[in-house]
Structures are given as C-alpha cells and as structure tokens.
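Here's the structure we're looking at; comments come further down.
The values are calculated or read from the model by the stated rules, or taken from the named source; none is laboratory data. Keep in mind that what you see is a predicted model, and the values were worked out from it rather than measured. Because the Cβ atoms are built from the backbone with ideal geometry, glycine has one as well, and the counts that use them run over all protein chains shown. Quick note on the areas: whole protein, heavy atoms, side chains included, nothing else; ligands and nucleic acids left out. Shrake-Rupley method; radii C 1.70, N 1.55, O 1.52, S 1.80 Å.
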Amino acid sequence: MDLLNHIALGAQIVLQPMNLLFCFLGVLMGTLVGVLPGLGPTAAIALLLPNTFQVPPVTAIIMLAGIYYGAMYGGSTTSILVNIPGEASSVITCLDGHQMALKGRAGPALGMAAFGSFIAGTVAVIGLMLVAPPLAKFALAFGPPEYFSLMLLGIIILIYLASGSILKALMMFVFGLLLSTIGMDNISGTKRLTFGILELSDGVGLIPAIMGLFGVAEVISNVEMEMKRDLVTTKVRNLLPNLRDWKDSFWPVIRGSVLGFFFGVLPGPAPVISAFSSYAIEKRISKHPEKFGTGVIEGVAGPEAANNAATGGAFIPLFTLGIPVNSVIAILLGAFMIHGIQPGPMIISKYPDLFWGTIISMYLGNAMLLVLNLPLIGLWVQVLKVPYPVLFPFILLFCLIGVYSLNFSQVEIGLMIVFGIIGYLGRKFQFELAPLVLAIVIGPMMESNLRLSLVISQGNPMIFIEHPISAVFIFVTFFLLVSSLIPGIGKRRRKLRETVETECV
Amino acid sequence: MKSYDRIAAIFFLAVGGFFSLYARRVKIGTWNEPEAGFLPFWGGLLLVGMSVFLLLSTFKAPDSPVRMTFFPVAGAWKRVLVTFLSLAAYNLLLNRLGFTLTTFLFLGFLVRFIFPQGWRRTLLVAFIGSVIARLLFINFLETQLPIGILGF
C-alpha cells in the first residue's frame with residue numbers, strides 16, 4: 001500500500017508541466033548526445049548542469065537523469081547506422097547491428113534496440129523501487145567508519161574492474177584525492193593550496209574538472225585522430241520488429257535486463273561490462289553461435305537491454321548510500337550537492353519527492369524515448385551527416401560557456417583547459433580517468449569520514465575493523481587488492497577480461 | 001609504453017612530493033587529531049611510494065614489442081596544440097572583445113584551420129554559430145556573458 005502511495009506521489013510530481021518538459025528535454029538531449037560520437041553523457045550532464053541552477057532540484061535531477069539513460073538509447077543509433085559506437089556501452093551493438101543494417105534490416109535493429117531498452121528500463125525502475133528503500137533503511141546504521149570503508153571499497157571495485165593497470169588506476173585515485181584537498185578544509189576552515197586565488201577557495205570545481213577531462217579531452221582526442229564515418233545511406237524502413245524478431249529477442253532482452261540491473265549496482269563501467277557480458281552469454285547459449293557477428297537480432301537486443309538496465313541499477317547506491325559508482329553518477333551526486341541536497345540514506349525519507357519523482361520520471365522517460373526515437377531516426381541520420389570539423393568547435397564552445405557561466409571566472413576556464421590537458425595525456429599514457437573523477441567528487445566526504453573516525457577512536461585505525469559492517473568492507477577491499485597482485489589470480493582477471501572481449505569479437 | 005610509464009611515474013612522484021612538503025605548512029596533526037594537512041601529507045607519501053614502484057617496474061618488465069608513437073597520425077600534433085591554444089586565446093579575449101565577437105573568431109578559426117574548410121563555409125558557420133549562441137545564451141537564457149569593447 002505504501003508503495004502505491006509513493007508511486008502516486010512520484011506521478012504527481014512528474015506530471016507537473018515543468019517536470020514533464022524537462023524530462024522530455026533531458027531524454028532528447030541525451031539521445032542527441034548518444035548519437036553524436038565524441039560527446040558522452042558525462043560531458044553532456046556537465047555541460048547542462050549550470051543551466052539547471054534556476055530550476056528546483058527535482059526538476060534538475062529529472063532532466064540530468066534523462067540525459068544519462070537517453071544517451072544509452074542514442075548510442076545504439078550510431079552503432080547500427082555508422083558502425084561507430086556513440087557510447088562505449090554500444091560498442092558491442094556495432095557487431096551485429098551494423099551487419100543487420102548492411103543487409104537492409106536497419107529498421108528492425110533500431111526498433112528492437114528501442115523496445116529492448118524500454119523493457120529493460122522498466123525492469124530497472126521496478127527494481128529500483130523495490131530495492132532502494134529497504135537498502136536505505138539498512139544504511140541508516142552507517143557511521144563515519146562504515147562510510148569511509150564503503151567509499152574505499154567502491155573505488156577499489158571500480159579500479160579492479162578497470163581495463164588497464166590497477167596500479168595506474170590507484171595512482172589516479174590518489175591524485176584525485178589530493179586535488180580534492182585544494183581549497184578550504186571543511187573541518188578547520190584552513191585554506192590549502194589556494195595560492196591566494198579566490199576561486200580556489202571552494203576547491204578545483206567539479207564542473208571545470210569534468211568538462212576538461214571528458215569534454216575537452218575527448219574532442220582533442222577526436223581532432224587528433226580525424227574521425228571518419230561510414231554512414232548507411234539507404235532509407236531506414238520497417239522500424240517495427242516482426243513476430244520472428246520478437247521471438248528471437250524476448251529472452252535475450254529479459255536476461256540482459258536482469259544482468260544489467262545487477263551489474264549497474266556495482267562500481268565501474270557497468271553499462272559496458274553488462275553489454276559485453278550479455279553478448280557473451282547469448283552467444284554461448286545460442287543454438288547458432290556461429291551466426292553472431294553476421295547480423296542476428298539477439299546480438300542487438302540483449303546488449304542494448306543490458307546497458308539500459310545498468311543505468312537504472314546505478315542509481316541504487318546514489319540514492320541509498322550517496323555513493324557514486326561511475327563518473328556519470330558522480331556528476332549527479334555533485335548536482336545534488338550543488339542544489340543543496342545532502343546525499344546519503346536519508347534522501348529517501350527527507351526528499352521523497354526527489355526520489356519518487358526521479359523514479360517515475362525514469363519510467364516516463366523510457367516511454368518518451370520509445371515514442372521519440374522511432375519516428376526521429378531520420379532526424380538523427382541528418383545530425384550524423386554534420387561533418388565533425390564543423391561540429392567539434394561547437395562542443396568546445398559549449399564547454400567554455402558552461403564553465404564561464406558558473407562564476408564568470410577566467411580562472412575556471414583555465415582550470416578546464418588544465419584538466420583537458422590531463423585528460424588528453426591520461427588517454428595517451430593509458431591512465432583511467434574515472435578513478436580521478438570519483439576521487440574529486442567523493443574526496444571531501446572520504447576525508448571528513450576518515451578524520452571523524454580517527455577522532456572518535458582517538459587515533460586508533462582499528463576502528464575500521466572493530467565495526468562489523470566496516471570490517472566486511474575492509475576485508476573485501478583488502479582481498480581485491482591482494483588478489484590482483486597475486487600472479488595467478490591477477491592473470492586470471494586479465495584472462496577473464498580478454499575472454500569476454502574476444503568471445504564478443 | 002615503458003617510457004610513457006616512466007614519464008608518468010616521475011610526474012606523479014613530483015606531485016606527491018609537492019603535496020607532502022606543502023602539507024607541512026598547514027598543520028598535519030596526529031592520528032588522534034588529524035588536521036588540515038593530514039590527508040595531503042599521507043596521500044602525497046602514498047603517491048610517491050606508488051610512483052617509485054611504477055618507475056622500478058618499468059626497468060624490470062620487458063617492453064611491448066609494438067612501438068607506440070605519441071602522435072600516430074602525421075601532423076596531428078599541430079591540430080592538438082592549436083586547439084588547446086585557441087581555448088586559451090578564447091579565455092584571454094572573452095572579456096576584452098566580448099562574447100559574440102570572440103565566439104565568431106573562435107568558431108571561424110577552428111573550422112578554417114584545424115580540418116580546413118572553404119572560406120564560405122567557415123564564415124557561414126562562424127556567423128550563424130555566434131549569432132545563435134548570442135541569442136540563446138544572452139537574450140534567451142540571460143546568461144551574464146561579457147559585451148566587450150564593440151558594445152555587442
């Protein structure tokens with residue numbers, strides 16, 4: 001009964017005209033961002049975040065969340081039509097999706113990607129409604145030691161699942177932690193590393209960092225490589241999948257939805273991992289695995305469902321614990337704080353309109369995406385025809401305006417350029433950027449919880465072991481770190497990653 | 001790849017060392033009462049340790065047989081450098097020339113000189129882009145962007 005009341009509350013909030021409009025704008029912009037290679041949901045949310053300061057927090061979060069799952073949708077369009085993934089999570093859709101397009105079946109591929117994503121989004125929203133409230137109640141027992149060790153565990157899982165070197169990912173995390181200390185200390189009010197620059201009193205700033213690392217750096221990397229496109233130019237027909245397509249796709253969609261939802265709760269690039277895993281599973285259990293890669297609809301339906309469901313699952317740690325599991329959710333967490341919402345398990349009880357409003361908006365947003373994307377395929381094809389040499393200056397312009405409009409500060413534009421250089425070099429030197437971003441966002445919280453824990457325990461670090469919940473987190477963290485260093489297990493981790501990647505290719 | 005890792009290790013060694021040394025200017029405190037310099041100090045030391053480990057590992061492991069070039073595409077370094085410099089130039093000119101004119105010059109420069117487009121296309125894109133940006137951000141969204149010496 002309670003659940004029904006909460007759903008009614010959420011519906012009441014979402015059906016307000018402004019929230020409906022912003023939900024629509026969010027999914028539309030998310031789809032556009034997903035369609036355009038070179039601009040991800042992270043950069044898009046960072047670009048649009050300053051424009052949400054004038055609207056209520058619920059409205060802002062509804063729009064920003066819409067951009068996230070909208071981008072997953074949009075990424076499949078370029079994968080199928082252009083063989084360039086719009087998002088990293090759509091890489092695997094290129095394999096069978098583009099082959100279907102080359103055979104004149106772009107319509108059913110796009111259609112099934114849309115329907116599969118809608119079903120997966122619905123599954124994820126239901127999961128979120130059922131799982132988040134009880135988990136939030138459990139999290140009320142958390143104190144500073146639990147929070148610190150949970151955040152540490154979250155980062156270590158993210159690093160463990162990283163595709164590159166664990167040592168290098170750890171170094172980026174510590175680097176991010178150090179950068180997060182720049183500015184005024186929350187506890188003592190002491191200024192650290194501000195060098196007399198007023199703008200640095202509040203820290204390096206999440207927006208300049210994100211814009212630089214993901215917006216500017218991404219564009220510069222694309223400018224370097226001279227992006228070329230192979231656009232399928234034949235008219236896209238028959239967007240509705242036929243009965244046979246539905247029969248072949250139904251169970252892959254269901255499996256992908258469940259898989260993606262549970263992966264989404266884990267830190268890391270969950271949409272990517274869940275899409276790859278779904279493809280590997282479907283190929284393994286298929287009666288005709290040799291057909292994968294030649295244009296089978298299961299190769300599109302399962303991964304697209306998985307990556308969309310993962311976006312829903314990722315909201316669980318955000319709403320229940322205030323912990324971001326990837327860089328997109330980290331920016332949403334930043335948006336919470338900018339709008340004056342303290343993240344943590346109290347969000348659901350203190351801001352029920354925010355929680356239930358966002359959940360119902362996700363369901364509505366998925367329905368909007370289904371309605372939007374099928375008729376608008378023609379428009380997205382036209383957008384894809386805009387040459388990148390004309391497009392990229394506008395992306396950079398948005399980054400510049402987005403940062404400048406925060407505080408009208410040239411120092412912050414300078415910071416964005418510096419982070420752009422860091423992001424560009426990070427890609428070149430193969431250092432993961434996600435641990436850096438997460439550390440910048442959660443660094444202040446980690447520091448506060450660490451120092452509070454040490455004050456409570458009078459300097460005894462064993463407090464993290466003496467509290468049972470914290471001890472479990474520390475044990476798992478330690479196990480993951482040590483296991484990656486043990487040659488046998490470390491090799492198995494690499495082999496497992498390589499197996500998933502080669503099974504799919 | 002080993003040479004890249006060495007350069008990165010030296011960079012992070014310097015960063016970690018800097019933070020650890022700086023932390024001594026603000027109070028580090030004790031484990032009982034950690035102060036503002038606590039995390040920068042210990043975090044800096046941790047980064048130094050990891051950097052040393054990375055540096056040493058580059059001398060032990062064999063290098064990849066595939067030689068990586070920093071700029072695999074010929075002439076790419078110019079595009080990268082010029083794009084970064086144009087961002088810096090935008091920052092410097094924004095308050096002097098104003099948003100509309102600076103945006104016009106920025107768009108025109110990038111469209112013309114990074115992946116060279118014809119002059120007609122360049123001027124069209126720069127003009128339409130700067131006008132739309134002005135109408136959207138200044139007139140519609142009322143963002144406080146600088147007007148500049150020419151008054152628009």
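What to note about this one:
- Residue within segment A:423-430 that is polar (S, T, N, Q), under 21 Å from A:Ile207 (Cβ atoms), at the interface with chain B (Cβ under 8 Å from one of its Cβ atoms) and surrounded by fewer than 23 Cβ atoms within 10 Å (Cβ to Cβ) present: no
- Checking A:Gly340, A:Gly295, A:Gly299, A:Gly344 one by one, the residue that is touching an Asp or Glu at 6+ places or on another chain (Cβ under 6 Å) and either free of Cβ contacts under 8 Å to residues at least 24 places away in the same chain or not in a helix (DSSP H, G or I) (or both) is A:Gly295 and no other.
- Among the residues of segment A:351-360, not a single one is among the hydrophobic types (A, V, I, L, M, F, W, C) and free of Cβ contacts under 8 Å to residues at least 24 places away in the same chain.
- Residue satisfying all of: in segment A:371-382; open to solvent by 30 Å² or more (accessible area, probe 1.4 Å) and part of a helix (DSSP H, G or I); farthest from the other protein chains (Cβ to nearest Cβ) among these: A:Val371
- Taken together, A:Thr122, A:Thr78, A:Thr42 contain a single residue that is modelled with pLDDT under 80, open to solvent by 10 Å² or more (accessible area, probe 1.4 Å), of a type in the set (Ser, Thr, Tyr) and touching a helix residue (DSSP H, G or I) at 6+ places or on another chain (Cβ under 7 Å), which is A:Thr42.
- Of the criteria (1) of a type in the set (Val, Ile, Thr); (2) over 20 Å from A:Leu396 (Cβ atoms); (3) without any contact (Cβ under 8 Å) to a residue 40 or more places away in the chain, which one B:Thr58 fails: (3)
- Some residue of segment A:278-285 being hydrophobic (A, V, I, L, M, F, W, C) and either touching a residue at least 24 places away in the same chain (Cβ under 8 Å) or within 28 Å of A:Ile440 (Cβ to Cβ) (or both): yes
Yes/no matrix, rows are residues, columns are (1) open to solvent by 80 Å² or more (accessible area, probe 1.4 Å); (2) at pLDDT below 65:
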{"site": "A:Ile465", "(1), (2)": "yes, no"}
{"site": "A:Phe475", "(1), (2)": "yes, no"}
{"site": "A:Gly490", "(1), (2)": "no, yes"}
{"site": "A:Val505", "(1), (2)": "yes, yes"}
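- Neighbours by Cβ (under 6 Å, 6+ apart or cross-chain): first from segment B:125-152, closer than 22 Å to A:Phe392 by Cα; second assigned to a helix (DSSP H, G or I) and open to solvent by 90 Å² or more (accessible area, probe 1.4 Å): none
- Out of B:Leu92, B:Leu85, B:Leu39, sole residue that is closer than 30 Å to A:Asn407 by Cα, at the interface with chain A (Cβ under 9 Å from one of its Cβ atoms) and within 24 Å of the chain's Cα centre (by Cα): B:Leu92
- Failed item in (1) at pLDDT 85 or above; (2) surrounded by 18 or more Cβ atoms within 10 Å (Cβ to Cβ); (3) at the interface with another protein chain (Cβ under 8 Å from one of its Cβ atoms), with A:Tyr388 passing the rest: (1)
- Top-ranked residue in segment B:13-33 [being surrounded by 24 or more Cβ atoms within 10 Å (Cβ to Cβ) and not aliphatic (A, V, I, L, M); ranked as farthest from the other protein chains (Cβ to nearest Cβ)]: B:Gly16
So that you can scan it fast, the table gives a plain yes or no per residue for (1) of a type outside the set (Gly, Ala, Ser); (2) under 30 Å from A:Leu9 (Cβ atoms); (3) over 21 Å from the mean Cα position of the chain (by Cα):
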position: A:Pro50; (1), (2), (3): yes, yes, no
position: A:Val58; (1), (2), (3): yes, yes, no
position: A:Leu64; (1), (2), (3): yes, yes, no
position: A:Thr78; (1), (2), (3): yes, no, no
position: A:Val91; (1), (2), (3): yes, no, no
position: A:Leu95; (1), (2), (3): yes, no, yes
position: A:Gly107; (1), (2), (3): no, no, yes
position: A:Ala113; (1), (2), (3): no, no, no
position: A:Ile126; (1), (2), (3): yes, yes, no
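- Taken over segment A:150-174, residues that are facing another protein chain (nearest Cβ under 10 Å), out of contact with any Pro (no Cβ under 8 Å at 6 or more places or on another chain) and open to solvent by 10 Å² or more (accessible area, probe 1.4 Å) amount to 3.
- Check on A:Thr194, hydroxyl-bearing (Ser, Thr, Tyr), touching a strand residue (DSSP E or B) at 6+ places or on another chain (Cβ under 7 Å) and in contact (Cβ under 8 Å) with a residue 60 or more places away in the chain: no
- Condition broken by B:Ala74, with the remaining ones in (1) more than 7 Å from chain A (Cβ to nearest Cβ); (2) surrounded by 13 or more Cβ atoms within 10 Å (Cβ to Cβ) satisfied: (2)
- Count of segment B:1-43 residues which are under 19 Å from A:Phe195 (Cβ atoms) and among the acidic types (Asp, Glu): 0
- The condition of being among the hydrophobic types (A, V, I, L, M, F, W, C), more than 10 Å from chain A (Cβ to nearest Cβ) and touching a helix residue (DSSP H, G or I) at 6+ places or on another chain (Cβ under 6 Å) holds for B:Leu55.
- Residue match in segment A:56-74 (condition: within 14 Å of chain B (Cβ to nearest Cβ), surrounded by fewer than 24 Cβ atoms within 10 Å (Cβ to Cβ) and not β-branched (Val, Ile, Thr)): no
- Scanning segment B:1-12 for residues that are more than 7 Å from every other protein chain (Cβ to nearest Cβ), in contact (Cβ under 8 Å) with a residue 60 or more places away in the chain and of a type outside the set (Lys, Arg) turns up just one, B:Met1.
- Residue count, segment B:127-152 (criterion: among the aliphatic types (A, V, I, L, M), open to solvent by less than 60 Å² (accessible area, probe 1.4 Å) and closer than 14 Å to A:Tyr404 by Cβ): 3
- Matching option when the condition is at pLDDT 85 or above and either touching a strand residue (DSSP E or B) at 6+ places or on another chain (Cβ under 7 Å) or over 27 Å from A:Met18 (Cα atoms) (or both), among A:Gly420, A:Gly357, A:Gly378: A:Gly420
- Among the residues of segment B:97-125, those that are touching a Ser or Thr at 6+ places or on another chain (Cβ under 8 Å) and more than 13 Å from A:Leu400 (Cβ to Cβ) comprise B:Thr100, B:Leu101, B:Phe104, B:Gly108, B:Phe109, B:Val111, B:Arg112, B:Ile114.
- Meets criteria (of a type in the set (S, T, N, Q), closer than 22 Å to A:Ser180 by Cα and open to solvent by 70 Å² or more (accessible area, probe 1.4 Å)) for B:Thr69: no
- Evaluation of B:Ile114 against the conditions (1) open to solvent by less than 20 Å² (accessible area, probe 1.4 Å); (2) more than 8 Å from chain A (Cβ to nearest Cβ) shows that the sole unmet condition is (2).
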